[in-house]
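Accompanying notes for the structure given below.
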Amino acid sequence: MKKLYTLLVASFMAATAFSQITLVEDINPGANGCTFGYPYVSGNYIYFRADDKDATVDHGSELWRSNGTTTELIDLKIGTGVDSKPAAFFELNNKIYFSAQAPTSNLNYQWEYDPSSEEATNIASYNFYSTSITPVVFNNKAYFGVWNDSYHLYEFDGVNPPQQVEDKAETATDEYVSNLTLFNGDLILYMKTANEASSIGTELYKYDFSTNLYTLIKDIDEGTGSSSISYFAEVGNLLYFEADNYLWVTDGTTNGTVAVSATNNIAGVKSLYEWNNILYFEGDTDDSSEDYDQLYAYDPSNGTLTQLSNTTDDHDPDHFAEPGDGYLYYAGKNDDGIAHLFRTDGSVVEEVYPNGSFSGIDDMVVMNSTLYFEATDANNTIGSELYSLDPSTITANDVATGIADELYVKNLSIYPNPTNGIINITGLESVEATYTVYDIAGRMVKTGSVTKQISLNIAAGIYILEVKDGDYTTTHKIQVK
């Protein structure tokens, strides 16, 4: 057993902050960033991979943890500039397991971290599971892929060495396993079996724990072709996923596995996420070169599909997170091609702090109602590091609903908000700017020209203010008192 080597690093949280986005730790000093990745939340800590290669001591790409105030290094592969590259975390019986390189090998082995004793142990000397296959925990056992000529399904109870999950009838032993998820008490897998590999490609299967049998759910790409299944997301009592770039749904049966008709013209489907019984995902229309990868919302209860974002280039929504403030946050690009912080309430998309102060948003998670993510400061003096944001500190002036040029948005100011009915606007570029006010149902309430001030004279409530100024159109959520 290996005793945990912990390096306690002083937090810069109080000293380095911009508005409400706060630097948790400058792990790798300078502009290169720490290569933050694979964040996993357990209790009051985030566990993640980071590299402090430009620090006084270069520990390599290693395991770190943070409670938002104190950040600690857990050095698995001790030595200058050597990497353990931890990834693919899961929790079982109050211990954290993950894939990382062994102290004397570059192969990915299984590790165990005990938070109570603060000990990290390399518990298995075999090439452990793929970092691209998210482990699934069910009935006090973990299921994941282990490499042995290809990736096979293994189970692990936290005590005994992992064992390959065999078909009870020994007629459908897995030959290759990729994505998997838990649905209705069964494992749903994108896989192929040894006895069907000559006639069926890699397709949608399920593993029944009660019978210990693999069963083909549907051969979506009929014949020996494979359907490229990924991005599982459960909404209600149905499981949605991407297959051959389109949105599909299954109830676990052959007849109940179909393409979602409402999204037939939406290709490039990825990054599925369920929030408030609505499915959010990235997609683009087949018949238009104008609608690049945008954020869509699909409501299974009525079959309604809504395009929420509308950038002139790829929006690429990803890394969704819900802190519980009534918004779904995610990383998305505006027309500068760089990932920024966005949020939606299900009807309107808003960019948070649309002034170019932070970019490169990635790997976002929630701990204790606070967002944590990788980001780069505007001047790139710190590089990509771990930041936090308390959503309760965001005000109406901190968001912009429209996505426009960063410099223009930075110079545009609309105040006060909330307002008693008079709104001042500075930073307009055109002398012929116009505005339109919509209620939350999308009905136009008022429109007119604007130079420096608008007198609304409308009932109290929440509205969307759209400002058209030359080549720019921005929208802003406002509150009239």
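Quick notes on this one:
- Within region 367-383, the residues that satisfy the criterion of being within 23 Å of Asn44 (Cα to Cα) and of a type outside the set (Asp, Glu) are Met367, Asn368, Ser369, Thr370, Leu371, Tyr372, Phe373, Ala375.
- Lone qualifier among Lys218, Lys270 - being under 19 Å from His319 (Cα atoms) and not aromatic (Phe, Trp, Tyr): Lys270
- Just one of (1) within 28 Å of Leu182 (Cβ to Cβ); (2) part of a strand (DSSP E or B) fails for Gly332. It is (1).
- Residue within region 53-67 that is under 22 Å from Tyr329 (Cα atoms) and either among the polar types (S, T, N, Q) or under 24 Å from the mean Cα position of the chain (by Cα) (or both) present: yes
- Of all residues making up region 30-44, the number that are outside any strand (DSSP E or B) and under 13 Å from Ser384 (Cβ atoms): 7
Residues are listed down the side, and each one gets a yes or a no for (1) under 34 Å from the mean Cα position of the chain (by Cα); (2) at pLDDT 95 or above; (3) surrounded by fewer than 16 Cβ atoms within 10 Å (Cβ to Cβ); (4) assigned by TED's automatic domain parsing to the domain that holds Ile478:
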position	(1), (2), (3), (4)
Met364	yes, yes, no, no
Asn379	yes, no, yes, no
Ser384	yes, no, no, no
Gly421	no, no, yes, yes
Glu432	no, no, yes, yes
Ala441	yes, no, yes, yes
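- Region 151-252 holds strands (runs of 3 or more DSSP E) entirely within its bounds, and those carrying 2 or more residues that are within 27 Å of Phe281 (Cβ to Cβ) and under 27 Å from the mean Cα position of the chain (by Cα) map to 151-156, 174-183, 186-193, 203-208, 230-235, 238-243, 246-250.
- Ile458 vs. criteria in a loop (DSSP other than H, G, I, E, B) and modelled with pLDDT of 80 or more: yes
- Looking across region 312-321, the residues that are buried (at least 20 other Cβ atoms within 10 Å of the Cβ) and part of a loop (DSSP other than H, G, I, E, B) come down to His315, Asp316, Pro317.
- Those residues of region 342-358 which are at pLDDT below 90 and more than 11 Å from Asp398 (Cβ to Cβ), in sequence order: Ser347, Val348, Gly356, Phe358
The values are calculated or read from the model by the stated rules, or taken from the named source; none is laboratory data. As the structure is a prediction and not an experimental result, all values here were calculated from the model. Positions of Cβ are backbone-derived with ideal geometry, glycine not excepted, and every protein chain shown enters the neighbour counts.
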